[in-house]
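Written out below as structure tokens is the structure these notes cover.
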Amino acid sequence: MTSQSGLYRELPSVDDLLREPGLAELAAQDGQTAVADACRAVLAVLRAEIAAERLDADKLKLALSGIPSAVRHELRRALGYSLRLVINATGVILHTNLGRAPIAESAIEHIGQTASLYSNLEFDLESGERGKRDVHVDRLFRKLLNDVGSDQSSISTIVVNNNAAAVLLALNTLAEGGEVIVSRGELVEIGGSFRIPDVMSKSGAVLREVGTTNRTRIADYERAINEHTKLLLRVHRSNFEISGFTEQPSIAELVALAQKRNLPLMEDLGSGALFDLRAVGINDEPGVLDSLRTGVHVVTYSGDKLLGGPQAGLISGREDLVKKMRGNSPSRALRVAS
């Protein structure tokens, strides 16, 4: 009976394996480093099997004869794509762990056409000069939101890499160094440990909490306004609700206060519904159009949930405020990739 130490000595070295004809051809095709890593992974499995006393001399001999095949399998696994198609049987349509909303085939087709070659991403074809990459999105959203203001130029939209980035950019642009008033009942944490107070701190703005967890009145906002106030903020509690003995000012009340005190009002909607979900029996999900029509100056929302696009954060609002965000230096770091 071969001892455990004797079994270890039966294992070939990585160099020995790389000299085998079949694996040498594989190394010439996929690179010696990749094949060597695959060899090490296979040998590590065999050492673990020996240590666990699951291999005797006969079983090890059989395993050694299958090393070339095991190396090929490991190499294909290591070099293959880790993203795979799965079946969403969770019952949750927009599942954040499963890629959120599937992207429409027409959009995928257009991506294939433009991303495989050159495009006018940042080039103005009419002037022949450098352009802005977000004009393409802005043009489409002006059509979607064109009934909000008195004309299509009143509402502008920019896109960044996710809604957290949208909130960060908006807060940094509109309230850096000043106070942002928000209800205690809206200091939420959503997926990925995204916390409103943390994002507020990173933006350079100062959080000014008002009200209580379950009851906040418009008077609480008004009393908190001072010479340091730069922004009023409403945050949609997208993944939980507070019921029972509760009170919350309406968006119309906040709009009126913002106008009275000459302050911008921002609303973080999260999911970003542009379609009236009440038409399909879903209530209490605020929409982008509803907020803008009521007079909210800036709305932040996701592009990868109810809009059915890739992961993105969108900022729609009064053109002069959005223009400031577009010119703010963090916008370049937070913008979407081409």
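Worth pointing out:
- Segment 207-261-segment 83-133 distance, computed between alpha-carbon centres (Å): 36 Å
- Full-extension gain in nm, ASP276 to LYS323, via 0.36 nm per residue minus C-alpha separation: 14.1 nm
- Which of ALA27, LEU85, SER183, positive extreme of dipole for the chain (C-beta unit charges): SER183
- Helical content alone sets the calculated 222 nm signal of the chain at -12500 deg cm²/dmol, taking -39,500 (n - 2.57) per DSSP H segment of four or more residues and averaging over every residue.
- For the chain, a crude dipole built from +1 on the beta carbon of Lys and Arg and -1 on the beta carbon of Asp and Glu, taken about the Cα centre, is about 380 debye to the nearest 20.
- Sites ALA78 and TYR8, calculated FRET efficiency, Cβ-Cβ separation with R0 41 Å, nearest 0.05: 0.95
- Share, in percent, of DSSP beta bridges within the chain that are antiparallel, nearest 5: 45 percent
- Calculated over segment 135-334, the projected area of the Cα convex hull averaged across directions stands at 11.0 nm².
- Candidates VAL298, VAL180, VAL280, ranked by Gaussian network fluctuation over the chain, Cα under 10 Å, top entry: VAL280
- Cα long-axis angle, helix 32-51 against the chain (0 to 90 degrees, to the nearest 10): 70 degrees
- Separation of segment 5-75 from segment 308-338 is 51 Å, based on Cα centroids.
- Relative to the longest principal axis of the Cα atoms of the chain, the long axis of helix 163-175 makes an angle of roughly 40 degrees.
- Taking the Cα centre of segment 4-79 as reference, the dipole from Cβ charges on Lys and Arg (+1) and Asp and Glu (-1) amounts to some 140 debye.
- Loop-located GluC sites (Glu not before Pro) in segment 200-293 whose Cβ has at most 12 other Cβ within 10 Å (DSSP): GLU227, GLU241
- Highest-MSF residue in the chain out of LYS323, LYS61, LYS202 [GNM, Cα springs under 10 Å]: LYS61
- Beta bridge orientation in segment 196-323: antiparallel %, DSSP, nearest 5: 35 percent
- Solvent-free Debye scattering, log10 I(q)/I(0), computed from the Cα coordinates of the chain at q = 0.07, 0.14, 0.15 Å⁻¹: -0.48, -1.08, -1.20
- Gyration tensor (alpha-carbon) shape descriptor, segment 4-79, a/c threshold 1.5: prolate
Since every read-out is calculated from the coordinates, none of them should be taken as a lab result. From a predicted model like this one, the values you see are computed outputs, not experimental measurements. Positions of Cβ are backbone-derived with ideal geometry, glycine not excepted, and every protein chain shown enters the neighbour counts.
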